[in-house]
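Participant: For reference, the structure I am asking about is given below.
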Amino acid sequence: MLLIVAASNGQNLALAGELSRIASELGIEHELLDIVDLGWPLYAPGVEAPADFAEVDARFHRARGFVVCAPEYNGSIPPTLTSLIAWLSVAGEDFRAVFNGKPAGIATYSGGGGQKVLVAMRLQLAHLGCNVVGRELLTNKARPLAEDSARAVLEQVARGM
């Protein structure tokens, strides 16, 4: 199962929705997760794990690959994504199994350049053990999603699963 993760509830959630539609057309089993909709508190030492942590952790463990859609925040990854990764690494039982060896695609809809968040996600996901595919999806108001590129990224991630 491919897990498509939206790290904002704006244009990147819409982008994740488009990728979900294309994954369905390609016959790729997948789920879409809007991490903003989780309503989780930002991770901090001593803060209790969210009540639905185990269910979300299980979804990440079940996933055989990921596509992460995130906006650029101050030249980097948005706090929602950083916090989710922190929760998974601290509150879960086997953090390495969540990411290690799994293929990952990266995508952004960004009001700014967007290239910096793609670099930051590539570094973060590779650090966590993912095999980040070379092709990435950079979209914005002037540059809509190219469906052929989206198909190529989804197919490459699916081949690695």
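The values are calculated or read from the model by the stated rules, or taken from the named source; none is laboratory data. Computed from a predicted model, the values in this text were never measured in an experiment. Here the Cβ is made from the backbone with ideal geometry for all residues, glycine too, and neighbour counts use every protein chain on show.
Participant: Which of the residues spanning region 70-114 are aliphatic (A, V, I, L, M), within 17 Å of residue 6 (Cβ to Cβ) and assigned to a helix (DSSP H, G or I)?
Facilitator: 81, 84, 85, 88
Participant: Closer than 12 Å to residue 71 by Cα and surrounded by fewer than 15 Cβ atoms within 10 Å (Cβ to Cβ): does that describe residue 134?
Facilitator: no
Participant: Additional query: Quick test for you: out of 36, 56, 47, 5, pick the one residue that is at pLDDT 95 or above and within 21 Å of residue 136 (Cβ to Cβ).
Facilitator: Testing whether each residue is at pLDDT 95 or above and within 21 Å of residue 136 (Cβ to Cβ) leaves just 5.
Participant: Does residue 41 qualify as being closer than 19 Å to residue 93 by Cβ and surrounded by fewer than 19 Cβ atoms within 10 Å (Cβ to Cβ)?
Facilitator: Criteria not met by residue 41.
Participant: Determine which member of the set 72, 25, 18, 31 is at pLDDT 95 or above, buried (at least 16 other Cβ atoms within 10 Å of the Cβ), within 29 Å of residue 151 (Cα to Cα) and in contact with a Lys or Arg (Cβ under 9 Å, 6 or more places away or on another chain).
Facilitator: 72
Participant: Next up: Would you point out the residue of region 8-22, among those that are free of Cβ contacts under 8 Å to residues at least 60 places away in the same chain and in contact with a helix residue (DSSP H, G or I) (Cβ under 9 Å, 6 or more places away or on another chain), that is nearest to residue 137 (Cα to Cα)?
Facilitator: 13
Participant: Give the residues of region 141-155 that are over 17 Å from residue 24 (Cβ atoms) and surrounded by 15 or more Cβ atoms within 10 Å (Cβ to Cβ), sorted by residue number.
Facilitator: The answer is 149, and nothing else.
Participant: Let me ask something else about it. Would you mind stating whether residue 158 is aliphatic (A, V, I, L, M) and crowded, with 19+ Cβ neighbours inside 10 Å?
Facilitator: For residue 158, the condition - aliphatic (A, V, I, L, M) and crowded, with 19+ Cβ neighbours inside 10 Å - is met.
Participant: Another question about this same structure. Given (1) crowded, with 19+ Cβ neighbours inside 10 Å; (2) closer than 20 Å to residue 146 by Cα, identify the lone condition not met by residue 99.
Facilitator: That leaves (2) as the condition not met.
Participant: Just need a number here: residues in region 1-12 that are surrounded by fewer than 19 Cβ atoms within 10 Å (Cβ to Cβ) and either under 19 Å from residue 120 (Cβ atoms) or touching a His at 6+ places or on another chain (Cβ under 8 Å) (or both).
Facilitator: Qualifying residue count, region 1-12: 3.
Participant: Kindly establish whether residue 58 is surrounded by 17 or more Cβ atoms within 10 Å (Cβ to Cβ) and under 21 Å from residue 161 (Cβ atoms).
Facilitator: no
Participant: Please verify whether region 42-59 includes one or more residues that are out of contact with any helix residue (DSSP H, G or I) (no Cβ under 9 Å at 6 or more places or on another chain), assigned to a helix (DSSP H, G or I) and closer than 19 Å to residue 155 by Cα.
Facilitator: no
Participant: Looking at region 94-146 only, could you name the residues that are among the charged types (D, E, K, R) and in contact with an Asp or Glu (Cβ under 8 Å, 6 or more places away or on another chain)?
Facilitator: Matches in region 94-146: 116, 122.
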